[in-house]
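The values are calculated or read from the model by the stated rules, or taken from the named source; none is laboratory data. For clarity, every value in this text was computed on a predicted model and none was experimentally measured. Cβ: placed from backbone, ideal geometry, glycine included. Neighbour counts: every protein chain shown. Surface accessibility is based on the protein's heavy atoms, side chains included, excluding ligands, DNA and RNA. Shrake-Rupley method; radii C 1.70, N 1.55, O 1.52, S 1.80 Å.
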Amino acid sequence: MTPERRRIFAWAFYDWANSAYATVVIAGFFPLFFRDYWGSGLEQAERTFWLGAANSASSLLIVLLAPLLGAVADRAGLRRRFLIRFALLGILATATLALIGAGQWGFAAGAFAVATVGFMGANVFYDALITEVAPRGEGDRVSALGYALGYLGGGILFAGCVALVLMPETFGLADRAAAVRLSFLLTAVWWAVFSIPLLRTVGERDGPRVPFGQAFVEGAAQLLQTLRDIRKHRQVALFLGGYFLYIDGVDTVVRMAVDYGMSIGFGTNDLIAALLLVQFIGFPATLVFGRLARPLGARGGILLALAAYAGATIWASTMSATWEFYGLAVTIGLVQGGVQALSRSFFARLVPADCAAEFFGFYNMMGKFAAVIGPVLVGWVGWMTGDPRIGILSLLLLFGGGALLLMRVRTPADT
């Protein structure tokens, strides 16, 4: 294997490493354990609220910090170092989850928020490092490799952890609680071990570096300039506003689906199986969805996916049978990747060619660090009404608002 290919695979394997956290912890076992173990003394609506608050707090912190830290890292050559520090923060906090005792929901929510900050913060600099490993003209291929490995790696570890939870005695564990705690520890170890290839192989190109203080000042100036430039481009601003709303809804579905299913009485085994179904449908469905979008256009494909999300939200508010939850899992798996892929290609039509990288950096921040409004909205509405079914319906505001803004966007092809 050539040094160039070795760097590409080392970079892509970080997606394999950290996707385990997104699958096992964020979407899978943390909501289950928070309800049945750490927050067992809380009312269901209160549990949902605090789970949503932990998700939103971590997302909001990264939204505030990421653009500035990214600009500083570019100037000071600190992308790799920042990645290591955020990843280490996430790994240690994930391992800490395995040590928190029953009833300590406050500590669990705090550790989860810190781990999620580490996870999302590291992704800022992981994405930026693609420019160090992708040959000219092959960025899409390299990015897709990381995306594919992330689905596969996260799915494999999650499947193994599901086996631990469903059959704890087979693996010499006392009960399901012990299996879930071990799953958190395994996720931290997986994340750490499979990050090693990137840390050993991927560096940053030699070039001019500025002191940290100067980089901070210049980075802040660049951030302000970027914000001013976006405001000058009305169509870009419209799209980003719509994208923030609907991708917030998409991310909220990922983060809150298990908690919602439990709140209306579905069993743990069914919820876990549905998550596995979404995981393994997601990647191939994204490829199929991309083909379907050719006759519809990118905007039409996004709107179709958002319609599916809205329909799934309404269905979720009325469902009562287990098969319905599996049907919803299939629906989400079919459109989740398509929304992300087509949003990127649609945005590419809007941005000026001479500053595409700058605008895409802002787009990536908006996409990766959404889920600020949705989790708190679902938790708060459910808490105030005492009905989680009404809470989940609040997501229609995000999908509908995002779709309305998207329909107002005009591309060069519309003029």
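Conditions tested, residue by residue: (1) more than 30 Å from Leu350 (Cα to Cα); (2) hydrophobic (A, V, I, L, M, F, W, C); (3) over 20 Å from the mean Cα position of the chain (by Cα).
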{"position": "Trp380", "(1), (2), (3)": "yes, yes, yes"}
{"position": "Gly391", "(1), (2), (3)": "yes, no, yes"}
{"position": "Leu395", "(1), (2), (3)": "no, yes, no"}
{"position": "Leu398", "(1), (2), (3)": "no, yes, no"}
{"position": "Gly401", "(1), (2), (3)": "no, no, yes"}
{"position": "Leu406", "(1), (2), (3)": "no, yes, yes"}
{"position": "Arg410", "(1), (2), (3)": "no, no, yes"}
* Look at Ala159 and say whether it is at pLDDT 85 or above and surrounded by fewer than 24 Cβ atoms within 10 Å (Cβ to Cβ). => yes
* Scan the range 91-111 residue by residue and report those that are assigned to a helix (DSSP H, G or I), modelled with pLDDT of 85 or more and open to solvent by 70 Å² or more (accessible area, probe 1.4 Å). => Leu92, Phe107
* Structure fact -> Result of the Cβ filter at 7 Å on the range 380-409, keeping first residues that are within 27 Å of Arg47 (Cα to Cα) and partners that are open to solvent by less than 60 Å² (accessible area, probe 1.4 Å) and outside any helix (DSSP H, G or I), at least 6 apart or interchain, is Val381/Ser394; Pro388/Ile264; Arg389/Ile264
